[in-house]
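Novice: After the structure tokens below, expect a handful of questions from me.
The values are calculated or read from the model by the stated rules, or taken from the named source; none is laboratory data. The model shown is predicted, which means the values in this text are computed figures rather than measured ones. Methodologically, a virtual Cβ is constructed for each residue, glycine included, from the backbone with ideal geometry; neighbour enumeration extends over all protein chains shown. With ligands, DNA and RNA removed, areas are computed over all heavy atoms of the protein, side chains included. Shrake-Rupley method; radii C 1.70, N 1.55, O 1.52, S 1.80 Å.
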Amino acid sequence: MPHTFIIFGASGDLTSRKLIPALFRLHCKGRLPRDTQVVGFSRTEFSDVAWREELAGSTREFLGDEFDEQAFRQFAESIYYQPGDLSSVDDVRRLKERLDGMEDGAGCTRVFYLATAPRFYEPAVAHLGETGLADETCGPVRVVIEKPFGVDLASARALNRAVHEVFAEMQIYRIDHYLGKETVQNLLVLRFANSIFEPIWNRNYVDHVQITVAEEVKVGKRAGYYDSSGILRDMFQNHLLQLLMITAMEAPSRYEADRVRDEKVKVLQAVRRLERDDVATDTLRGFYRGYRDERGVADDSTTATFAAVKLAVDNWRWQGVPFYLRSGKAMSCRTTQIVIQFREPPHMLFGSGHRGPLDANRLVIQIQPAEGIQLHFQTKVPDAGMQLRLTDLDFRFQEEFKATLPDAYQRLLLDAMQGDASLFARADEVELAWSIVDPILAAWEQLGRQGLHEYEPSLWGPVESSAWIERDGRLWFDSCPVLH
Ligand code: BG6
């Protein structure tokens, strides 16, 4: 059955930087379903030919040497453009006529991708319903919704309600591009396709877990959006909580969308909500020096560009094991890593030197860059009595597989076309994530500038964050990946 991939917000940044390059790479690998057509829809006036030219330019720029002119020309023959305003039902109706004409009465899978500003999500979905475009009589219809999915629990619920009026949950694909990363999926494989990790993946052996998403970049051109969003909405509600869920979940009985998501949801249900008083002690926030001078940021902004949050997962596996989550802009390097810090041996035989909290075993899951896994363990230093040193077993994807890892969007777009929602967030998952973040946001708002630390760019966030974790007798694993 042919596939039509319709992009709302076709003239935007996401389309040119992510969606079209991902579709093009899939085309080059021969992975796109046969007879896939791409239709762009947005207000800017383009003819089909002009849009193809525009996309050739942006994709060439984005892919650099990897860009193959001839392959793109061939791919572009299946790209079309329909100018229109999403808030006009007549324009959406015209889109329907165009799609019906293109598909010529044959059955077709249609995937609508909302790559627009979030304020258009509701009208877009309503108009898809009103014009009959959500109707599945001729073939499956799916809608892919980008983040942010709401700005708090109330708005996420309202959006879920609005979308459910038109689409059934199984037609809805809420994207979190972290789930499309190979290394995030590999965490499922590491845990559930090996038998040696699972027995120790619990409170009996794990002291704590650290999940860090550090970015070197500042907010740049997105300052306006960022100032109204901040680090919790931008990174925690979605990406960090996704990493937490995959680290902490139980094995599903089968690798199927709802079974996987049922287990993830149980983790969020078990996360202890922070009370207002906990927020002062269990979270730490800051902004980088110079943030308030960024264009689009209010002079009196209290938006955080860094946060560290300590969460407890109240279930049998994780009782008493804190999960430290942190993320920030303008940090010392770009790294996303999950550190499983194991307990100290119960009795040390080789006890001469000083032992610190980072001397115990740990498993570092390096999500990006230098994607891989390192297992740290103590070794005897040769010819030095019983002196010990922490060394590691180092697995790198690039060395092992000699291939560049695909961008997350390739996997996710293909899954949406093929109807596999395993790597997409379900309605309850998104709402539960907001219910964890909302109390923190509310408490921060009340606290205003109190407890909001300024930090020097190119460090690991506010200096106070070291003392914050040391209070618990622990240390951050501040390590930048070594790129070979
Ligand atoms: C986006 C956030 O969702 O994720 C950005 O809005 C952030 O602020 C980006 O930079 C990080 O994604 P990645 O894949 O580069 O880690």
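Novice: Look through Ala106, Ala115, Ala71 and report the one residue that is of a type in the set (A, V, I, L, M, F, W, C), modelled with pLDDT of 95 or more and surrounded by fewer than 16 Cβ atoms within 10 Å (Cβ to Cβ).
Specialist: Of the residues listed, the single one that is of a type in the set (A, V, I, L, M, F, W, C), modelled with pLDDT of 95 or more and surrounded by fewer than 16 Cβ atoms within 10 Å (Cβ to Cβ) is Ala71.
Novice: Okay, moving on. Starting from residues that are of a type in the set (S, T, N, Q) and within 16 Å of the ligand (Cβ to nearest atom), keep the ones in the stretch 157-186 and report whichever is nearest to Cys108 (Cα to Cα).
Specialist: Top of the filtered list is Gln185.
Novice: Continuing with the same structure: Please give the strands (runs of 3 or more DSSP E) falling wholly within the stretch 339-436 in which 1 or more residues are over 30 Å from His27 (Cβ atoms) and within 16 Å of the ligand (Cβ to nearest atom).
Specialist: Working: elements: 362-368, 372-380, 388-396.
The strands (runs of 3 or more DSSP E) meeting that bar are 362-368.
Novice: Sticking with this one: Is it the case that Arg203 is surrounded by fewer than 20 Cβ atoms within 10 Å (Cβ to Cβ), of a type in the set (Lys, Arg) and in a loop (DSSP other than H, G, I, E, B)?
Specialist: Taking the combined requirement at face value, the residue satisfies it.
Novice: Please tell me if Leu405 is touching a residue at least 12 places away in the same chain (Cβ under 8 Å) and over 22 Å from Phe62 (Cα atoms).
Specialist: Working: touching a residue at least 12 places away in the same chain (Cβ under 8 Å): yes; over 22 Å from Phe62 (Cα atoms): no.
For Leu405, the condition - touching a residue at least 12 places away in the same chain (Cβ under 8 Å) and over 22 Å from Phe62 (Cα atoms) - is not met.
Novice: Could you list, in sequence order, the residues of the stretch 207-250 that are more than 16 Å from the ligand (Cβ to nearest atom) and either open to solvent by 60 Å² or more (accessible area, probe 1.4 Å) or part of a helix (DSSP H, G or I) (or both)?
Specialist: Result: Met245, Thr247, Ala248, Glu250.
Novice: Let me ask another. Phe149 versus (1) within 16 Å of the ligand (Cβ to nearest atom); (2) part of a strand (DSSP E or B): which is the lone unmet condition?
Specialist: So the condition that Phe149 fails would be (2).
Novice: Related question: Evaluate the following for Ala360: is it among the small types (Gly, Ala, Ser) and either within 20 Å of Glu198 (Cα to Cα) or within 30 Å of the chain's Cα centre (by Cα) (or both)?
Specialist: So Ala360 passes the test.
Novice: Check off (1) at pLDDT 95 or above; (2) part of a loop (DSSP other than H, G, I, E, B); (3) more than 16 Å from the ligand (Cβ to nearest atom) for Ala154 and give me the number that stays unchecked.
Specialist: That leaves (2) as the condition not met.
Novice: Of the residues Thr336, Thr302, which is in contact (Cβ under 8 Å) with a residue 40 or more places away in the chain, among the polar types (S, T, N, Q) and open to solvent by 60 Å² or more (accessible area, probe 1.4 Å)?
Specialist: Matching residue, one of Thr336, Thr302: Thr302.
Novice: Considering the stretch 19-53 alone, what residues qualify as being open to solvent by less than 10 Å² (accessible area, probe 1.4 Å), over 24 Å from Asp91 (Cβ atoms) and small (Gly, Ala, Ser)?
Specialist: Scanning the stretch 19-53 gives a single hit, Ala22.
Novice: Which count do you get for residues in the stretch 269-284 that are under 17 Å from Gly451 (Cα atoms) and either surrounded by fewer than 14 Cβ atoms within 10 Å (Cβ to Cβ) or in contact with a His (Cβ under 7 Å, 6 or more places away or on another chain) (or both)?
Specialist: Looking only at that region, the number is 4.
Novice: Now for a separate question. Can Gly290 be described as in contact with a His (Cβ under 8 Å, 6 or more places away or on another chain), more than 14 Å from the ligand (Cβ to nearest atom) and at pLDDT 95 or above?
Specialist: No: the conditions fail for Gly290.
Novice: When you scan the stretch 260-268, do you find a residue that is part of a strand (DSSP E or B), at pLDDT 95 or above, open to solvent by 10 Å² or more (accessible area, probe 1.4 Å) and in contact with a Pro (Cβ under 6 Å, 6 or more places away or on another chain), even just one?
Specialist: Residues of the stretch 260-268 part of a strand (DSSP E or B): none.
No: zero hits.
Novice: Going by what's in this entry, would Val144 be described as within 19 Å of Ala408 (Cβ to Cβ), within 16 Å of the ligand (Cβ to nearest atom) and outside any helix (DSSP H, G or I)?
Specialist: In short, yes.
Novice: Can you find a residue in the stretch 80-94 that is within 28 Å of Val125 (Cα to Cα), aromatic (Phe, Trp, Tyr) and modelled with pLDDT of 95 or more? Show your work before the answer.
Specialist: Taking the stretch 80-94 first, the residues within 28 Å of Val125 (Cα to Cα) are 80-94.
Applying the additional criterion that residues be aromatic (Phe, Trp, Tyr) yields 80-81.
Going one step further and asking which of them are modelled with pLDDT of 95 or more, we end up with 80-81.
Scanning the stretch 80-94, I find at least one residue that is within 28 Å of Val125 (Cα to Cα), aromatic (Phe, Trp, Tyr) and modelled with pLDDT of 95 or more, so the answer is yes.
Novice: Among the residues of the stretch 444-467 satisfying the criterion of being over 26 Å from the mean Cα position of the chain (by Cα) and in a helix (DSSP H, G or I), which is nearest to Val321 (Cα to Cα)?
Specialist: If we take residues in the stretch 444-467 being over 26 Å from the mean Cα position of the chain (by Cα) and in a helix (DSSP H, G or I), then Ala467 is nearest to Val321 (Cα to Cα).
Novice: Take the stretch 163-184 and flag every residue that is over 22 Å from Met245 (Cα atoms) and crowded, with 16+ Cβ neighbours inside 10 Å. Spell out the reasoning first.
Specialist: Looking only at the stretch 163-184, we keep the residues that are over 22 Å from Met245 (Cα atoms), and these are 163-168, 171.
Val163, Val166, Phe167, Gln171, listed by residue number.
Novice: I want to confirm something. Restricting to the stretch 118-145 and keeping residues that are of a type in the set (Ser, Thr, Tyr) and over 23 Å from the mean Cα position of the chain (by Cα), which single residue is modelled with the highest pLDDT?
Specialist: Only one residue tops the list, namely Thr131.
Novice: Sticking with this one: Which of the residues that make up the stretch 224-266 are over 15 Å from Leu179 (Cα atoms) and among the hydroxyl-bearing types (Ser, Thr, Tyr)?
Specialist: Correct list: Tyr225, Tyr226, Ser228, Ser229, Ser253.
Novice: Same structure, new question: Is it fair to say Val189 is among the β-branched types (Val, Ile, Thr) and either within 16 Å of the ligand (Cβ to nearest atom) or not in a helix (DSSP H, G or I) (or both)?
Specialist: no
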